[in-house]
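The structure appears below as structure tokens.
The values are calculated or read from the model by the stated rules, or taken from the named source; none is laboratory data. Being a predicted model, the structure only gives us computed values, none of them experimental. Glycine gets a Cβ as well: all are built from the backbone with ideal geometry, and neighbour counts include every protein chain shown.
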């Protein structure tokens, strides 16, 4: 059985091209294009879909040809409509959809799916906050391959399609609420960092493997199942809001560690605190990863993260020797998700370990 280190070695090797479309995929894309352009009446739907602008007839066959070419090359992606809020809205908070639309980041629906060795992976949509892409996905197992006792996660990366373009990122995953735990489908939310890339860039999500973990009583995990996938999905980053980056005052020093606070960055989904050092001491890094962070809103209310925010996500720490956007040099970044979507302009200040950093 391959270990995690084996997968890491394979990460640096050239990855195979996306496998050819499965039988009937080309016909499905053609039918979808015909429906979207008005040549074929769409089947009855149980939910509303947004109205599309008419496409000029003289461009029709160009679109059809492009769709077929995208399928044949295995690198294209077709949006299938609106972002699937009906299935993942709870992940972004009760009013997440309205907030996203008001901020001009409604997300896009996708219908990208591949099957290999009894496992099907489907990407359902993408919502982008400017630095992280949130991608609801499903893993579906053929009969006899699914073990409900395991927690399944992918080992994946995100890269620009253009090899000359800078920017790439890691891909994490979190389990979503399963509407039917008796079936063989596992819903996940993939979170893909894409520092250096922006809306309109075409990216490549490479799923190199899946693994199933067991969790012990002490919280430790061990891998009980591994699967090599080598699936590649290509799509375009949707519209997003640019992050608000604020330089911290020169005397902003984290009191427990003495590490300077360099910046705070706000997006509609998270706040990131960037420290101006990357400490070699793991205990110092651990303290920085747990620093208390809170927001003071324009209306005077204060929200402590993550404990004080409904549905707040976990906090992650990331080390970097090459810097982050708008910051050069060694640094250590702590990211805290809100658990909902908000307008960065509604934040008056970010408080880190008792130090207030005003947001202009």
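When we screen 234, 222 for residues that are more than 24 Å from residue 195 (Cα to Cα) and in contact with a strand residue (DSSP E or B) (Cβ under 7 Å, 6 or more places away or on another chain), the only hit is 222. Among the numbered conditions (1) closer than 21 Å to residue 120 by Cβ; (2) modelled with pLDDT of 90 or more; (3) in a strand (DSSP E or B), the only one that residue 214 does not meet is (1). Sort out which residues of region 221-233 are over 22 Å from the mean Cα position of the chain (by Cα) and modelled with pLDDT under 90, and write them in order of number. Across region 221-233, the qualifying residue is only 221.
Can you tell me which condition residue 216 does not meet? The list is (1) in the same structural domain as residue 102 (by TED's automatic domain parsing); (2) within 30 Å of residue 110 (Cα to Cα), and all the others hold. All conditions pass for residue 216, except number (2).
On the basis of being under 14 Å from the mean Cα position of the chain (by Cα), at pLDDT below 95 and surrounded by fewer than 19 Cβ atoms within 10 Å (Cβ to Cβ), does residue 157 make the cut?
Against the criterion (under 14 Å from the mean Cα position of the chain (by Cα), at pLDDT below 95 and surrounded by fewer than 19 Cβ atoms within 10 Å (Cβ to Cβ)), residue 157 qualifies.
Given the conditions (1) free of Cβ contacts under 8 Å to residues at least 60 places away in the same chain; (2) exposed (fewer than 13 other Cβ atoms within 10 Å of the Cβ); (3) touching a helix residue (DSSP H, G or I) at 6+ places or on another chain (Cβ under 8 Å), report the number of the one that residue 142 does not fulfil. Of the numbered conditions (1) free of Cβ contacts under 8 Å to residues at least 60 places away in the same chain; (2) exposed (fewer than 13 other Cβ atoms within 10 Å of the Cβ); (3) touching a helix residue (DSSP H, G or I) at 6+ places or on another chain (Cβ under 8 Å), the odd one out for residue 142 is (3). Taken together, the residues in region 78-109 that are under 19 Å from residue 175 (Cα atoms) and either in a helix (DSSP H, G or I) or in contact with a strand residue (DSSP E or B) (Cβ under 8 Å, 6 or more places away or on another chain) (or both) amount to 11. Candidates in region 209-256 are the residues that are in contact with a helix residue (DSSP H, G or I) (Cβ under 6 Å, 6 or more places away or on another chain) and surrounded by fewer than 19 Cβ atoms within 10 Å (Cβ to Cβ); of these, the one that is farthest from residue 278 (Cα to Cα) is 244. Checking the stated criteria, residue 226 turns out to be touching a residue at least 60 places away in the same chain (Cβ under 8 Å) and not in a loop (DSSP other than H, G, I, E, B). Determine which member of the set 130, 118 is touching a strand residue (DSSP E or B) at 6+ places or on another chain (Cβ under 8 Å) and in contact (Cβ under 8 Å) with a residue 12 or more places away in the chain. When all the criteria are applied, what remains is 118.
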